[in-house]
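First comes the structure, then the notes that go with it.
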Amino acid sequence: MADQVVPLPEGVLAREIFGPLGGLVEVGAVSATGTWSVREASVGELVSRRRDEVDRLLELVRDVGGFSSSAMAIADELGYLREHEVTAPSLLLWSGAVEGIPSRLDDLERPDIVRRMCHMAADLQLTYFLQAVITAAVAAGGEVRSGAAGVAEALAIASGIADATGRSAPALVFRMWRVARLPDLLRPDADTPEYGKAGFRAYDRALDALLTDD
């Protein structure tokens, strides 16, 4: 639903953000093990260690999307930011099943497969996250320059949570989002309303200025 700017309830817009964020937290917890061990991953430990960043990210999401307290409470209701089991099948889903389902499910625990799933999941869920945050910002109708600054900071935090090595740099995620999402949103026959197209174009330009060196 985040692909179109329509009068959606704020709860729907918030879920579009917090869903991918849940995937990024799980990926980050696995990456933080240093061994690509799903069994050793602890979401609770990751969130506790990066509590200030998580709180700042939620604050940015609230401000950019103009969300109410009830909409923000969805993040807690979903439970992604609390301790819960991370499983290889969930990583397979977060990564879009690009790795494929092996003949033996135990193979999903292999470090080389987990690593590939985590990298793909980080790329995919970060583009989903960015799309959802920009959609919420456009729907909120705030000033683009300040909104883009909030989006860029939120993306930087989310990228760091997913992969502390810097592999998922915000500029790279922005370019992936632009290629994967914008053409379908902005083509002449797209269902996106004109004010939505104008909003996405404005955020594309503002984020390009903030995130790229060109």
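The values are calculated or read from the model by the stated rules, or taken from the named source; none is laboratory data. Here the structure is a predicted model, which is why all the values come from computation and not from measurement. All Cβ positions, even for glycine, are placed from backbone atoms using ideal geometry, and neighbour counts span all protein chains on display. Calculation scope for accessible area: heavy atoms of the full protein, side chains included, ligands and nucleic acids excluded. Shrake-Rupley method; radii C 1.70, N 1.55, O 1.52, S 1.80 Å.
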*Per residue, how many Å² of accessible area does the chain show with a 1.4 Å probe?*
47
*Enter the Cα centre distance for the pair region 138-214 and region 29-64, rounded to the nearest angstrom.*
22
*asked:* Quick check: residue separation of LEU93 and VAL12 times 0.36 nm, minus the Cα distance between them. What number comes out in nm?
replied: 27.1 nm
_Restricting to Cα pairs below 8 Å that are 6+ residues apart, what does the relative contact order work out to for region 108-193? Please round to a whole percent._
31
*asked:* Using Cα springs under 10 Å in a Gaussian network model of the chain, which residue among VAL114, VAL98, VAL27 shows the largest mean-square fluctuation?
replied: VAL98
*Mind checking which helices in the chain clear 27 Å along their axis (Cα) and have mean Kyte-Doolittle hydropathy of 0.5 or more, DSSP H runs only?*
10-31, 111-140
*By per-residue mean of other Cβ atoms within 10 Å, what is the highest-first order of 11-20, 60-69?*
11-20, 60-69
*Toward the positive end of the charge dipole of the chain, about the Cα centre and with charges on Cβ (Lys, Arg +1; Asp, Glu -1), which of GLN131, MET72, ALA206 goes farthest?*
ALA206
*region 80-179: which trypsin sites (Lys or Arg not before Pro) are DSSP loop and have at most 15 other beta-carbon atoms within 10 angstrom?*
ARG82, ARG104, ARG167
*Which percent of the accessible heavy-atom area of region 1-116 goes to carbon and sulfur, probe 1.4 angstrom?*
51
_Just to confirm the filter: which GluC sites (Glu not before Pro) across region 107-214 are DSSP coil and have at most 16 other Cβ within 10 angstrom of their Cβ?_
GLU143
_Size-normalised alpha-carbon gyration radius of the chain, reference 2.2 N^0.38 Å_ = 1.00
*May I ask for the net charge around SER68, where only other residues with Cβ less than 15 Å from the Cβ of SER68 are counted and Lys, Arg are +1 while Asp, Glu are -1?*
-3
